[in-house]
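Chemist: Below you'll find the structure I mean.
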Amino acid sequence: MGSRSISFAILAVTVLALYAVPVGGLSADGAITVEDGLGETFSFDGPVDCIVSIGVGVTATVIGIGALDKVVVCDSYSKMNADSLFDPLRDLIDEGDVMAGGNLYSSGKEQLKVDIINVSDPVTGSFDRDSDVVFVTGSDAYRANVVPFLIENGFRNVMQWYEIGDYSDLEAFAKTISLVCNGNIHPDVESIGYTAEFISSTLMAADVEPVHAFYVTYSAGVFKVGNTGSIANSMIGAAGGISVTTDDDRPQSTYETNLTVLVGEYPSAVVFADHSIVSDDGNLSLLRKAVGDGVTIVPLEAMWNNYSLESVEGVWTMACAMYPDLFEGDVPTAGGSGSDVVTYLGLSSVFVAVILLVSYMYMRKR
């Protein structure tokens, strides 16, 4: 074989390899291969038909990527969440299209099992235990209340996440759910990483000093600040700030501290207050007394401090609060179709065009 033929063969193999390599969990034949939060691999022939969603963050993400119509069971906490995001879900529950009587905890685990078994009845149910998926988030102990039961009863695709404590992990979580539900990556999922990159590049170009900030919540009668493992704390970094309460020597994701002393050390710090504080006038008054009148307090929505697409809004709100001269308006969008396949095929087309051009030139020289 001549050198020209060899070169042509190499180029042809390159293109074929490009078509064979999965992009974003998708293979060329439309099959989907993904991992859950425990590192377990799951494969699907295409987007699933039905979903069981256990966990407020999971349900919010499923709604955000436009797959609410596939939910047949959710947990009672998703049903009861006051955020208007869940209003369409409540409508489906009221109409009897979604079961939502149970949860992972002791008081609700038996009803959750009943709901799932009912919708997966081989005769009357819509959920296929072999091909459909259960998404579940929670601690090892709480997931153990239901997951072993599901596996013992033939549910093949039980995808689990323990927790997501860092904003950077949110994109992979949402991409997985979007691929399994839709067969593509929703544009709002792409905005998770794009927004952080947009903020970072803008701050770099402006050459500004990072702003000090911290996240504060209220529980068990005391104020606690954010640390490693708190998604709200990591959102400050994604928004271009420096969390002054991050302490790697402390194992807790939040910890109690003296807020008056803290703002004395960082008088210009921006305080991001959890919804548990800003939704209660008494708690908000206590916070203002602790930090003083001169400190900026920025309220956070409840769903921002959760692993859902709504967290992007939180990051953008933080950036706008810390750098008002640089950021304002709506969350920046990544654009595009939302599907890696489009990008994949576009790149492939370019390679094919190169192949044809090179082939034509070789043929002319022979």
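Chemist: Whole-Hz ³J(HN,Hα) for each residue in the stretch 99-115, computed from phi via Karplus 6.51 cos²θ - 1.76 cosθ + 1.60 with θ = phi - 60°, x for glycine and proline: what do you get?
Modeler: 8, 8, x, x, 7, 6, 7, 4, 6, x, 5, 5, 5, 4, 4, 4, 4
Chemist: Next question, about the same structure. Using a 1.4 angstrom probe, figure out how much accessible area the stretch 284-331 has per residue, in square angstrom, rounded to the nearest whole.
Modeler: Accessible surface, normalised per residue, equals 47 Å².
Chemist: I would also like to ask the following. Report ³J(HN,Hα) in whole Hz for each residue of the stretch 131-141, in order, from the Karplus equation J = 6.51 cos²θ - 1.76 cosθ + 1.60 where θ = phi - 60°; Gly and Pro get x.
Modeler: For the stretch 131-141, the Karplus curve yields 10, 8, 9, 10, 9, 9, 10, x, 5, 4, 5 Hz.
Chemist: Quick check: the distance between the Cα centres of the stretch 49-81 and the stretch 154-173, to the nearest angstrom?
Modeler: 14
Chemist: At R0 = 30 Å, how high is the FRET efficiency between Glu95 and Ser276 if r is their beta carbon distance? Nearest 0.05 is fine.
Modeler: Here the calculated transfer efficiency is 0.40.
Chemist: Please compute the length gained on full extension between Asp247 and Ala220, using 0.36 nm multiplied by the number of residues separating them and subtracting their Cα-Cα distance.
Modeler: Values: separation 27, 0.36 × 27 = 9.72 nm, distance 2.12 nm.
Separation in residues times 0.36 nm, less the Cα-Cα distance, equals 7.6 nm.
Chemist: With the Cα gyration tensor of the stretch 231-322 in hand, convert its eigenvalues to equivalent ellipsoid semi-axes via √(5λ) and list them largest first in whole Å.
Modeler: Gyration-tensor ellipsoid for the stretch 231-322: 20, 16, 14 Å.
Chemist: OK, next. What whole-number value in Å² describes the accessible area per residue of the stretch 89-192 for a 1.4 Å probe?
Modeler: Values: 4530 Å² over 104 residues.
Each residue of the stretch 89-192 exposes 44 Å² on average to a 1.4 Å probe.
Chemist: Still on this structure, I have one more. If you plug each phi of the stretch 275-288 into the Karplus form 6.51 cos²θ - 1.76 cosθ + 1.60 with θ = phi - 60°, what whole-Hz ³J(HN,Hα) values come out, in order, with x for Gly and Pro?
Modeler: Result, rounded to whole Hz: 4, 5, 8, 6, 8, 10, 4, x, 5, 5, 5, 5, 5, 4.
The values are calculated or read from the model by the stated rules, or taken from the named source; none is laboratory data. Worth saying up front: this structure is predicted, and the values here are computed from it rather than measured. Here Cβ is always computed from backbone atoms with ideal geometry, including for glycine, and neighbour counts include all displayed protein chains. Only protein heavy atoms, including side chains, enter the accessible area calculation; ligands, DNA and RNA are left aside. Shrake-Rupley method; radii C 1.70, N 1.55, O 1.52, S 1.80 Å.
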